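**Student:** After the C-alpha cells below, expect a handful of questions from me.
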Amino acid sequence: MPDASTLAVLGAVVVLALAFDFINGFHDTAISIATSVSTRVLTPRQAILMAAVLNFVGALISHSVAKTISSGLVHTQLVPEYVVIATLIAAITWNLVTWYYGIPSSSSHALIGGLVGSAIAFSAGLDIVKWDGVVEKVLIPLVTSPVVGFLLGYVFMKLLAAALAWASPQFVNRWFSKLQIVSAAFMAYSHGMNDAQKSMGIITFAMIGANILPLGANVPVWVMLACALAMALGTATGGWRIIKTMGCSMIKLQPINGFAAQTTGAAVIVAASIIGAPVSTTHVVSSSIMGVGASKRLSAVRWMLAWNIVWAWVITIPVTAIMGALVVLAIKTLRVLLHIG
C-alpha cells in the first residue's frame with residue numbers, strides 16, 4: 001500500500017488530469033460544433049448540449065488511446081508522480097494560452113510533449129522514452145492524419161458537388177441543414193472517443209507508477225466516468241474564441257460544407273482511436289475544413305490564417321516538452337532544498 005505522501009501526490013495528479021480534461025472540453029468544443037454554429041444549423045446552446053452529451057458517450061467506448069498514453073510512450077514504472085504533475089502543468093498552460101488567443105492547437109500533443117519532455121528531464125537521458133511508440137503512435141499520425149483529413153475533405157466535397165449538380169441551392173441547404181446535425185453528432189462522439197482517453201491514460205499512468213495498478217492494466221471504471229464527465233462539463237462551457245477561428249474565419253461555410261468537413265474529420269478520428277493513436281482532433285478537422293474549402297477554389301481558404309494554425313501545430317510538442325522539462329527541474333531543485341529523497 002502506498003504511503004500517505006504518495007497518495008497525496010496521486011490525488012494532485014487526478015485533480016490536474018480532470019482539470020486538463022475540463023479545459024480540453026471547452027478548448028476543443030469548437031471542433032465538433034463550429035461549423036454547425038457558423039452555418040446556423042444549430043444555435044450555440046443546442047450545439048454545446050449535443051456535443052457535451054456525445055463527448056461523454058464517446059469517452060466511454062474505447063480504451064486503446066488510454067493504453068498508449070499509460071504504457072506506450074515512456075517507461076511508466078521508472079517515472080515518479082511529480083513528472084506526471086509537470087506534464088499536466090505544461091499541457092494545461094499551453095491550452096489556456098492558445099485558447100486565450102483563439103488558436104486551435106492540439107491538446108493531445110500538448111500532453112504528449114509535456115510527458116516526453118518531463119520524463120527526459122527527470123532521467124537526464126533519452127532511454128526513458130519508448131521512441132518506437134512515439135514515432136508510430138504520435139509522430140506518424142501527427143503528419144498523416146491532417147493530410148488524410150485534407151484529402152478526404154477535398155474528395156468528399158467534390159463527390160457531393162458532382163452528385164448534386166442538378167439540385168438547387170435551396171434544396172441542398174434544406175437537406176444538409178438536417179444532415180449536418182448528424183455529422184456534428186458524429187464529430188462530437190469521435191472527439192470524446194479520442195480526446196478523453198488521454199486523461200484516462202495519464203491517471204492510469206500515475207497509478208501504475210505508484211504501484212497501485214500493474215503495468216499494462218486497464219483503465220479503472222471510476223477513472224473512465226470521471227474523465228468522461230469532466231470532458232462533458234468542459235464542453236458545456238463552450239469555447240467561442242476558437243469557434244470563430246474554425247467556423248467563420250478560415251472559409252465561408254454552407255451546410256453541405258460543414259457536413260463534408262465534419263463527416264470526414266470524424267471518420268479519421270474514429271479510425272485513429274481504434275488503433276490507439278492519440279491524434280489531434282484539432283489538426284484533423286482544421287485540415288478537413290481546408291480540404292472542403294479548397295475543393296471550391298483555392299482562394300476560398302484564407303491560407304495565411306491556415307498557415308498560422310499549422311505553425312501552432314508544429315511548435316506544440318517542442319514548446320510543451322520544454323515547459324514540462326522546466327517544471328521537472330524546478331521540482332527537483334525544490335526537493336533538494338527541502339531535503340526530500
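**Student:** May I ask which residue of 70, 187, 214 lies farthest towards the positive end of the charge dipole of the chain, with charges of +1 (Lys, Arg) and -1 (Asp, Glu) on Cβ and the Cα centre as origin?
**Tutor:** About the Cα centre, the residue reaching furthest to the positive side is 187.
**Student:** Right, another one. Per-residue ellipticity at 222 nm for the chain, helices alone: DSSP H runs ≥ 4 residues times -39500 (n - 2.57), over residue total, nearest 500 deg cm²/dmol?
**Tutor:** Mean residue ellipticity at 222 nm (helix-derived): -25500 deg cm²/dmol.
**Student:** Next up: List the residues, sorted by chain then number, that are 5 or more residues from residue 74 or on another chain and whose placed amide H is less than 5 Å from its amide H.
**Tutor:** The list, which skips near neighbours in sequence, is 130.
**Student:** What are the ³J(HN,Hα) couplings of the stretch 315-332, residue after residue, when phi is run through the Karplus curve with 6.51, -1.76, 1.60 and θ = phi - 60°? Round to Hz, x for glycine and proline.
**Tutor:** 8, 4, 5, x, 5, 6, 5, 5, 4, x, 4, 5, 5, 4, 4, 5, 5, 4
**Student:** Moving to a separate point now. Just how large is the dipole of the chain about the Cα centre, in debye to the nearest 20, putting +1 at every Lys and Arg Cβ and -1 at every Asp and Glu Cβ?
**Tutor:** 1180 debye
**Student:** Turning to a different aspect of this structure: GNM, the chain, Cα, under 10 Å: largest mean-square fluctuation among 109, 283, 75?
**Tutor:** Comparing 109, 283, 75 in the GNM, the peak value goes to 75.
**Student:** Same structure again: Order 254-260, 316-322, 137-143 from most to least packed using the mean count of other Cβ atoms within 10 Å.
**Tutor:** 254-260, 316-322, 137-143
**Student:** What's the Kirkwood radius of the stretch 4-333 in Å, using all Cα pairs?
**Tutor:** 19.5 Å
**Student:** Evaluate the Kirkwood expression for the hydrodynamic radius of the stretch 12-164, namely the inverse of the mean inverse distance over all pairs of different C-alpha atoms, and round to one decimal in Å.
**Tutor:** 17.6 Å
**Student:** Let me ask something additional. Looking at 121, 96, 157, which one has the Cα that reaches farthest to the positive end of the dipole of the stretch 42-162 (charges on Cβ: Lys, Arg +1; Asp, Glu -1)?
**Tutor:** Of the candidates, 157 comes out farthest on the positive side.
**Student:** Name the residue from 61, 145, 337 whose Cα lies farthest towards the positive end of the charge dipole of the chain, charges +1 on Cβ of Lys and Arg and -1 on Cβ of Asp and Glu.
**Tutor:** The Cα lying farthest towards the positive end belongs to 145.
**Student:** Another one. With a 10 Å radius around each residue's Cβ, average the other Cβ atoms per peptide and rank 159-168, 261-270, 202-211, 53-62, highest first.
**Tutor:** So the peptides 159-168, 261-270, 202-211, 53-62, ranked by packing, come out 261-270, 202-211, 53-62, 159-168.
**Student:** Can you put 81, 136 in order, fewest other beta carbons within 10 Å first?
**Tutor:** 136, 81
Values in this text are rule-based calculations from the coordinates and carry no lab data. From a predicted model like this one, the values you see are computed outputs, not experimental measurements. Ideal geometry is used to build each Cβ from the backbone, glycine not excepted, and the neighbour counts take in all protein chains shown.
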